[in-house]
1. Which chymotrypsin sites (Phe, Trp or Tyr not before Pro) from region 78-150 combine a DSSP loop assignment with at most 12 other Cβ atoms within 10 Å?
2. Could you state the principal axis extents of the C-alpha atoms in the chain, from the largest down, to the nearest angstrom?
3. Could you tell me, in Å, what Rg and Dmax come out for the Cα atoms of region 149-294?
4. How many percent of the accessible area of region 240-285 is carbon or sulfur, using a 1.4 Å probe?
5. First select every other residue whose beta carbon is under 12 angstrom from the beta carbon of THR188; then total the charges, Lys and Arg +1, Asp and Glu -1.
6. Assuming R0 = 22 Å, what is the FRET efficiency of LEU169 and TYR293, from their Cβ-Cβ distance, to the nearest 0.05?
7. Distance in nm between label sites at ASP359 and SER113, each 7 Å beyond Cα in the beta-carbon direction?
8. I'd like the Karplus ³J(HN,Hα) series for region 271-277: coefficients 6.51, -1.76, 1.60, θ = phi - 60°, whole numbers in Hz, and an x wherever there's a Gly or Pro.
Amino acid sequence: MNTTQNGRGLPGTQEEADVSEETGGPAILVLEDGRVFHGRSFGAGGETFGEAVFNTGMTGYQETLTDPSYHRQIVAMTSPHIGNTGVNDDDPESARIWVAGYVVREPSRLTSSWRSQRTLDDEMRDQNVVGIALKGTRALTRHLRDRGAMRAAISTVETDPQKLLARILEQPTMAGSDLAAEVSTDHTYEVLPPEGVEVRHHVAAVDLGIKAMTPQRLTERGCKVTVLPAGATAEEILALDPDGVFFSNGPGDPATADAPVAAVRGVLEAGKPLFGICFGNQILGRALGLGTYKLTFGHRGVNQPVRDTRSGRVAITSQNHGFAVDAPLEEPFDTDHGRAEVSHIGLNDQVVEGLRLLDRPAFSVQFHPEAAAGPHDAAELFDEFVDLMSAQPAPAAK
């Protein structure tokens, strides 16, 4: 077996298995360019396919696993210890684990938290999520940074990397994938403010892969939230007569999301306040006539610096996206819905991190102000949305 120095390898080489025998049996991770990593099984046995990506967060593994935006992705964690605090029933962002597979360096052998109800390993087994523990997570991350996110597989049953590679190359790429409907609710439902909080506004939220914390952040501010399926039309949204409309995060290629784009255009034409997060930011960009493109390896973690173009303030943000909006960074630009500008810029690579319309009450951000998990630097954006709704004139008496 070939070995490499300093954690760096070449496509087609194999990384030494060097994982505690406390974990399961042998497992392999194969990337579509031929790179092979050997480790040991973690979670359920079997095999799984998806796009290999990495997450730089040092906390929030349970929120990551249950974030619908990770649908059809194999997520590698750069934090070396995962599972320390176990799993509970309070922190999930959806009703199930959505990642296609999970890569960790060292699964915690002990769970230490008064909130823990079971181990991460047991939870992954119960939900049939295949994982691998390997010492080469740093080498894997550096490889994906150099070569980009790519199709991959984890297997505990197929021992021949070449046979697994042939099947990987048959899998669909993330570019061109329309996935929002696969993770969205199939029915409309309401989320009400907690007891003692007065209802001030009604928000229609389009679920493109919404995280549970987002409606909670809105209800904390006195919003009744009606959550609609991803395919909701502008007519269906406006029929609720909401005070504002929210478009959520979600998985897949925004270039395929024609129905949500049409819905955003209808909401903008009606003049309703609009707020979008992550996938919702990309959808607003497309509705304004802007293009989107796939990032080389994306932004995933809870430590991403973003600058507000108006105030110059820098916020550390939580992010999870592999696509971005293509827009002019330096000055306002014209759209079919009036003038717009880039409101936030990522400081690591100058990627568009937010959009704001100047002639209509609408804005969006590429990051996650609901902060589950993550810093709370951007929580005030929910207040900005509430202020937009409060500033709208009251409907005329009939």
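1. Hits after loop and neighbour filter: TRP114.
2. Sorted largest first, the three principal extents are 77, 44, 37 Å.
3. Calculated on Cα positions, Rg and Dmax stand at 18.4, 61 Å.
4. The nonpolar share, carbon plus sulfur, comes to 43 percent.
5. That works out to -4.
6. 0.45
7. 4.9
8. For region 271-277, the Karplus curve yields x, 6, x, 9, 9, x, 10 Hz.
The values are calculated or read from the model by the stated rules, or taken from the named source; none is laboratory data. What you see is a predicted model, and the numbers here were worked out from it, not measured in a lab. Every residue, glycine as well, gets a Cβ built from its backbone with ideal geometry; the counts of neighbours run over all protein chains shown. Calculation scope for accessible area: heavy atoms of the full protein, side chains included, ligands and nucleic acids excluded. Shrake-Rupley method; radii C 1.70, N 1.55, O 1.52, S 1.80 Å.
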